[in-house]
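Taking it in order: structure first as structure tokens, then the write-up.
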Amino acid sequence: MALLQLYQLPIPQSFNFTNKFKQTRLNYPSIIKCALSPVVFIDNSPLVIYRPTIWSHDFIQGLDVNFPINKKNKLNELENKVIMPLNIGYENGNLGILQLLEHIDDIERIGLGYRFQNEIRRALDIIISANGSHVGLEGKEDNLHAASLRFRLLRQHGYTVSQDFLNGFKDIHGNFMECVQTDVKGLLSLYEASFLAFEEERDLHDAKFFSTEHLIKHSTQANEALENIDRALELPLYRRMFRFQAHWYINAYNKKKDANIPLLELATIDFNVVQSTHKREIKELSKWWENKGLARKLSFVRDRIMECFFWGVGMIFEPQYHSCRVEIAKVLSLITVIDDIYDVYGTLDELEIFTDVVKRWDINAKEDMPKYMQVAFLALYDTIIESGSKSSIDRGEDTILVLVKAWGELLEAFLMEAKWTNQEYIPTLEDYMDNAWRSVSGLVMLTHGYFLINHETKKDVGKSLENYHDLMKWSSIIYRLYNDLGTSSDEIARGKTANAISCYMHENGVSEDVAREYINARIDEAWMKLIKVRVDCSQNSEDPFVDMAINLARISLCTYQYGDDHGAPDDRAKERILSVIINHVKIKEIEYA
């Protein structure tokens, strides 16, 4: 197998690896042979040598970005067919409320929500005005599936709705009615709705346990909903990465006997057209990465430009946000390089110098750094200046100052973790998290994204960003905890003392399994807080920055669900990138190739 093959990585003559515990330099041979693992040990000291990228520059430049023009022209025709029920459906009596809800759900699951934002908002306004916040439905449509779907769609779009709809499906003792246990469609909708609960909504938490229990029972039986049950139990819809979900649902929807053919065809063409845009962007990014030469000049760092772009697509895939998506990928690639400097290579003295120079934002002070740090600093300097100039804020110098502040705080958090490792210190979980939700880098990516997605002029850009503090915090906490679940084993192996797993184990004297269970519970709590903030932020209109922050949590789950797909991407990670960025969607019933 390819994953068991050996490979050789050249170590430059100037390479000196820091023994984090003794602060001494070790000498290594110019060539090191190692297995395809993220960590190799030499003389009992951890040396991280990351797997080389499987996405070569030549491969990326060879991607076909063309798509038949005549199919692009067909988009408008198909849009009109898909949009018609939203415009003249429920309000004029052409559709029942359940049909309208299901049409909206299909549009969003299949990846077309961004095309119909205004129409979906108008339809949801009509629906909530008809029934209010209690999500009650009338007549034949008053069933568990319809009520749960209505709650979920309204809650995820930021409407104020109540969990009281559950009362209609309980007996006098407060238990769910026996008939609900066999309603697989209703159980699936209830399960998905329960993942949009607030912390205080105990009935929805009970509904999650109830629906999970009975869906597991149904999953042992042969029925046509088995695939949907297994997929839901693996991961709820609200936490899935949009583009990966859309690719899957296009194929699943194609199997439905009552599929809306215009919707299916529009989704197929749209996915491939947007994907062609993404291919052009990764080609642009790969040229930038090659020109910077960081992977060549700093051979100890991760070469992950494709994976960084996958994050950008995960955070904001819509084609109109080209600059934001590309910039996020550049920022994450630099974060990855600088993280490796702090985590693998630099001494504490060098790291303190680097942190100070970035905070002072004095390009002349780069001479105080060792040569390898100068390479990273110059790349960072150029990128922040470029990012600041791209944002359309009148006072561009303020944008750059805010970006520099965010980077300075990130490097301070990196430095704190390096000191903990150097001192072999394991903090309490809360002390760790106070630093770690910043060190995970979500704030930096979102700060860059904020200025590239919001084009209105503001007098005080720093203050306007502070309005989203809780949104960014809870998204970053989720990112941090998923990251730790996926990377803790390798971090412990190379001597890094502090992550959420090890801190909880050390503080409470429990096993790793117990610690992981606790961290998963903390993740669920953080999702509930994030959803509450999302509703608070979106009372009046759709806000692309709010969605981008939530998407940060989603792409972090996608990346770390089965391990470390950023540091040590496996075949599963490769398939995700192929399905989202490389391979067109192909539907046999729709001839367009």
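The values are calculated or read from the model by the stated rules, or taken from the named source; none is laboratory data. These numbers were taken from a predicted model, which means no experiment stands behind them. No Cβ is skipped: glycine too gets one built from the backbone with ideal geometry, and neighbour counts run over all protein chains shown. Heavy atoms of the whole protein, side chains included, go into the accessibility calculation; ligands, DNA and RNA do not. Shrake-Rupley method; radii C 1.70, N 1.55, O 1.52, S 1.80 Å.
The test for being part of a helix (DSSP H, G or I), under 21 Å from LYS529 (Cβ atoms) and open to solvent by 20 Å² or more (accessible area, probe 1.4 Å) does not hold for LEU465. Determine if region 359-372 includes at least one residue that is within 23 Å of ASP64 (Cβ to Cβ) and at pLDDT 95 or above. Within region 359-372, none of the residues are within 23 Å of ASP64 (Cβ to Cβ) and at pLDDT 95 or above.
Would you confirm, using the coordinates I've provided, whether ILE555 is closer than 21 Å to GLU234 by Cβ, surrounded by 20 or more Cβ atoms within 10 Å (Cβ to Cβ) and touching a Gly at 6+ places or on another chain (Cβ under 6 Å)? Talk me through it step by step, then tell me what you get.
On the way: closer than 21 Å to GLU234 by Cβ: yes; surrounded by 20 or more Cβ atoms within 10 Å (Cβ to Cβ): yes; touching a Gly at 6+ places or on another chain (Cβ under 6 Å): yes.
Answer is yes for this residue.
Considering the conditions (1) under 26 Å from the mean Cα position of the chain (by Cα); (2) open to solvent by less than 10 Å² (accessible area, probe 1.4 Å), GLU192 is excluded by exactly one of them, (2).
From the list MET373, MET433, MET416, exactly one residue is open to solvent by 70 Å² or more (accessible area, probe 1.4 Å), aliphatic (A, V, I, L, M) and under 30 Å from the mean Cα position of the chain (by Cα). Which is it? Quick ask: steps written out before the conclusion?
Working: MET373 fails: open to solvent by 70 Å² or more (accessible area, probe 1.4 Å); MET433 fails: open to solvent by 70 Å² or more (accessible area, probe 1.4 Å).
Of MET373, MET433, MET416, the one residue that is open to solvent by 70 Å² or more (accessible area, probe 1.4 Å), aliphatic (A, V, I, L, M) and under 30 Å from the mean Cα position of the chain (by Cα) is MET416.
Within region 284-299, restricting attention to residues that are closer than 28 Å to ALA553 by Cα and open to solvent by less than 20 Å² (accessible area, probe 1.4 Å), the residue that is nearest to the chain's Cα centre (by Cα) is LEU285.
Listed here are the residues, each with its yes/no results for (1) under 24 Å from GLU290 (Cβ atoms); (2) of a type in the set (Lys, Arg).
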residue	(1), (2)
SER333	yes, no
ASP349	no, no
ASP368	no, no
LEU378	yes, no
SER389	yes, no
LYS419	no, yes
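Residues in region 148-167 that are closer than 15 Å to LEU124 by Cβ and not β-branched (Val, Ile, Thr): LEU149, ARG150, PHE151, ARG152, LEU153, LEU154, ARG155, GLN156, HIS157, GLY158, TYR159.
Based on what the data block shows, is TYR518 in a loop (DSSP other than H, G, I, E, B), among the aromatic types (Phe, Trp, Tyr), open to solvent by 10 Å² or more (accessible area, probe 1.4 Å) and touching a helix residue (DSSP H, G or I) at 6+ places or on another chain (Cβ under 7 Å)? So TYR518 does not fit the description; no. Among the residues of region 345-388, the one identified as outside any helix (DSSP H, G or I) and β-branched (Val, Ile, Thr) is THR347.
Take the residues of region 155-183 that are touching a residue at least 60 places away in the same chain (Cβ under 8 Å) and part of a helix (DSSP H, G or I): which is most open to solvent (accessible area, probe 1.4 Å)?
As a first pass, look at region 155-183 and keep what is touching a residue at least 60 places away in the same chain (Cβ under 8 Å): 155-160.
Add one more test, that the residue is part of a helix (DSSP H, G or I), and what stays is 155-156.
On the way: ARG155: 4, GLN156: 34 Å².
Of everything passing the filter in region 155-183, GLN156 is most open to solvent (accessible area, probe 1.4 Å).
The residue list ALA246, ALA225 contains one member that is in contact (Cβ under 8 Å) with a residue 40 or more places away in the chain, under 22 Å from the mean Cα position of the chain (by Cα) and either closer than 30 Å to PHE165 by Cβ or surrounded by fewer than 17 Cβ atoms within 10 Å (Cβ to Cβ) (or both), which is ALA246.
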